[in-house]
Amino acid sequence: MPQATYHFPRGFLWGTATSSHQVEGNNTNNQWWKWEQDGHTDGTSGLACDWWGGRWREDFDRAAEGGQNAHRFSVEWSRIQPTPDTWDEDALERYRSMLRGLRERGITPMVTLHHFTDPLWFYEMDGWEHDEAAVMFEKFVRKTVDALKEYCSFWCTINEPNVYALSGYVAGVFPTKRRGLNIALRVQANMLRGHAAAYRAIHEIQKDARVGYALHYRPMVAHNSWSPLDRLMRNIQYNGINMAFPSAISTGVMKSPMGNVRIPEAKGTQDYLGVNYYSVDTIKFDITNPKELFGKRYYPDDSDFSATKFIANIPQGIFDSIKWAVRTYPDLPIYITENGVEDAEDKMRPRYIAQHIHQVWRAVNFNFPVKGYFYWSLVDNFEWERGWTQRFGLWGLDVETQKRIKRPSVDLYAEICKENGLSSEMVQKYCPEVFEKLFPV
Ligand code: BGC
């Protein structure tokens, strides 16, 4: 049996990612809380992981004991700016102590400034549809970055603007008052303006800041590669879902199947690219699905499915995503800002982690500038419209008692982080079923 270790470069960041609403609990002043109370989600966030009540300490201990040297978390706009004209200095102080807490544990923080949640007052003004949305966001960013800059210089302006816009304004599963592709387009355009304004503001405040955003990138393949209609649909869906932010940051023009929007100030506004990768979609022409521009997205029946079939385990896709990023932005550092799987029983997670990290290693060995990997997530947390029905944590959570439950993946990921690599022994121990794929003789 071959014995080997896939080593990563010195200084590689190994972490986990979380977001405020999903872990803090009692975020009563944002649009998601309202959406939950109005019955749109499978359960409510409630106390979540009770980080606002102080349990971040024990979870940061778990991250540190697990050898993690980085953590990505988000701050909650609705706590920091509860009304348009007030700032909550205590909330900022709380985030400062969380950042100190990470530093004290030897963990480099990456702070996300917007992760799907908006203050209620902003939502009531139609949120990112509003002409002044970018200005309002910039004001919040300036205040927050100025307050936190002592402990953090690694910023992610906006998480998955494409998912935010499409899940809300097209699919209607995220908080929204209206639906329409044109509204989703407008929302993404305003988010781009907000991102660009934040990028400049952060650099003004902090010279050595590294600023980027996290793109939910979906590689896609056509159902039948010989079918012109499937290929056409694949391209429409691919561009519609993936390309709004990347095109505008490359060229200053946001491209979309609904038309192009000039946003010249967006050009060049990233110091790194954050890639959130989960799976690959197959696209088929479907005349009965006008809502999604006549394309149907699915996973093939013989996929290696996660517990609720939300994710198909397709590790090659993370390599392809990195390759796409390098071709689009040569030399720009890349961070895998999210990658993970829902799996309450931890049956698939060990192989999902090992296989994806193996692909990241392949990318690094092509000299692709991948600098870090953040597993989603540290502990089970509130999964938006899917509530508590999906469990992405290395650690499980008993929502009633707040007890953390150790899954085998905790130890696997800790061994990877501590070794700065993935070894044949680890694969043999935690996911022998993929040994031959990862260590062929
Ligand atoms: C989001 C996370 C979410 C994860 C798993 C990502 O799209 O950024 O907030 O929990 O997917 O569903």
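Of the heavy-atom accessible surface of region 302-441 (probe 1.4 angstrom), what whole percent is carbon and sulfur?
On the way: 2760 of 5350 Å².
Roughly 52 percent of what the probe reaches on region 302-441 is carbon or sulfur.
Calculate the spin-label point distance for residue 42 paired with residue 103, positioning each point 7 Å from the Cα along the beta-carbon direction, and give it in nanometres.
4.1
Students often get this wrong, so check it: of 347/406; 139/207; 143/207; 207/323, which have C-alpha atoms separated by over 22 Å? It would help to have the intermediate numbers written out before the result.
Values: 347/406 13 Å; 139/207 18 Å; 143/207 16 Å; 207/323 30 Å.
Correct reply: 207/323.
What does the highest-first list of 112-121, 131-140 look like by mean Cβ count within 10 Å?
Highest mean packing first, the order is 112-121, 131-140.
Beta carbons within 10 angstrom, averaged per residue: use that to sort the peptides 385-394, 321-330, 200-209, highest first. Provide the component values of the computation, followed by the final result.
Values: 385-394: 21.3, 321-330: 17.5, 200-209: 15.2.
Result, highest mean Cβ count within 10 Å first: 385-394, 321-330, 200-209.
Return the FRET efficiency for the residue pair residue 142, residue 293: r is the Cβ-Cβ distance, R0 is 41 Å, and the value is rounded to the nearest 0.05. Mind showing how you got there, number by number?
On the way: r = 38 Å, r/R0 = 0.93.
Working from the Cβ atoms, E equals 0.60.
Dividing the Cα convex hull volume of region 289-441 by residue count, how many Å³ per residue is that?
Expressed per residue, the convex hull around the Cα atoms of region 289-441 is 149 Å³.
For region 1-80, which trypsin sites (Lys or Arg not before Pro) pass both filters: DSSP loop (anything but H, G, I, E, B) and at most 14 other C-beta atoms within 10 Å?
Details: sites: 10, 34, 55, 57, 62, 72, 79; in loops: 10.
Sites meeting the loop and neighbour criteria: 10.
So who's got an amide H within less than 5 Å of the one on residue 375, skipping anything under 5 residues away but keeping other chains? H placed 1.01 Å off N, in plane.
15, 16, 17
Return the whole-Å distance between the Cα centroid of region 21-48 and the Cα centroid of region 341-383.
Between the Cα centre of region 21-48 and that of region 341-383, the gap is 27 Å.
Extending each Cα 7 Å along its Cβ direction at residue 316 and residue 267, get the distance between those two points in nm, one decimal.
For residue 316 paired with residue 267, the spin-label model returns 3.7 nm.
Give me the aspartates and glutamates in straight-line cross-link reach of residue 34: C-alpha distance below 13 Å, same-chain residues under 8 apart excluded.
118, 124, 385
Rounded to the nearest 0.05, what FRET efficiency do residue 305 and residue 130 give with R0 = 30 Å and r taken as the Cβ-Cβ distance? Could you check?
Working: r = 40 Å, r/R0 = 1.33.
My answer for the efficiency is 0.15.
Got a number for carbon plus sulfur as a percent of region 1-121's accessible area, 1.4 Å probe?
Working: 1960 of 4420 Å².
In region 1-121, the share of accessible area belonging to carbon and sulfur is 44 percent.
Does region 66-220 come out rounded, prolate or oblate, given a ≥ b ≥ c as the square roots of the eigenvalues of its C-alpha gyration tensor, rounded meaning a/c under 1.5 and, failing that, prolate meaning a/b above b/c?
Numbers: a/c = 1.87, a/b = 1.47, b/c = 1.27.
Taking the square roots of the gyration eigenvalues as a ≥ b ≥ c, region 66-220 is prolate.
Quick check: the distance between the Cα centres of region 417-441 and region 168-232, to the nearest angstrom?
A separation of 35 Å, based on Cα centres.
Quick check for you: with a 1.4 Å probe and neighbouring chains kept, what is the accessible area per residue of the chain, in Å²?
Working: 16890 Å² over 441 residues.
Roughly 38 Å² per residue, with all protein chains present.
Is the shape of region 12-397 best called rounded, prolate or oblate, per the rule: a/c under 1.5 gives rounded, else a/b larger than b/c gives prolate, else oblate, with a ≥ b ≥ c the square roots of the Cα gyration tensor eigenvalues? Please list the in-between numbers first.
Details: a/c = 1.33, a/b = 1.17, b/c = 1.13.
Judged from the Cα gyration tensor, region 12-397 comes out rounded (a/c under 1.5).
What is the diffusion coefficient of region 89-142 in µm²/s, taking the Kirkwood radius over Cα pairs and the Stokes-Einstein relation at 10 °C with a viscosity of 1.306 mPa s? Before the final figure, lay out the partial values.
Working: Rh = 13.1 Å.
My calculation gives 121 µm²/s for D.
Cα centroids of region 237-258 and region 261-322: how far apart, whole angstrom?
Region 237-258 and region 261-322 have Cα centres spaced 14 Å from each other.
Counting DSSP beta bridges with both partners in the chain, what percentage is antiparallel, nearest 5? Please report the intermediate quantities before stating the final value.
Details: 16 of 49 bridges.
Looking only at bridges with both residues in the chain, the antiparallel portion is about 35 percent.
Out of every Cα-Cα pair in region 135-256, what percent are more than 21 Å apart?
Values: 3539 of 7381 pairs.
When all Cα pairs of region 135-256 are counted, 48 percent exceed 21 Å.
Using only Cα atoms, what is the ratio of the radius of gyration of region 338-423 to 2.2 N^0.38 Å? Write down the numbers at each step before the final one.
On the way: Rg = 13.9 Å, N = 86, 2.2 N^0.38 = 12.0 Å.
Ratio of Cα Rg to 2.2 N^0.38 Å: 1.17.
The values are calculated or read from the model by the stated rules, or taken from the named source; none is laboratory data. Keep in mind the model is a prediction, meaning the values are calculated, not measured. Cβ atoms come from the backbone with ideal geometry, glycine included; neighbour counts cover every protein chain shown. Just the protein is used for accessible areas: all its heavy atoms, side chains included, with ligands, DNA and RNA removed. Shrake-Rupley method; radii C 1.70, N 1.55, O 1.52, S 1.80 Å.
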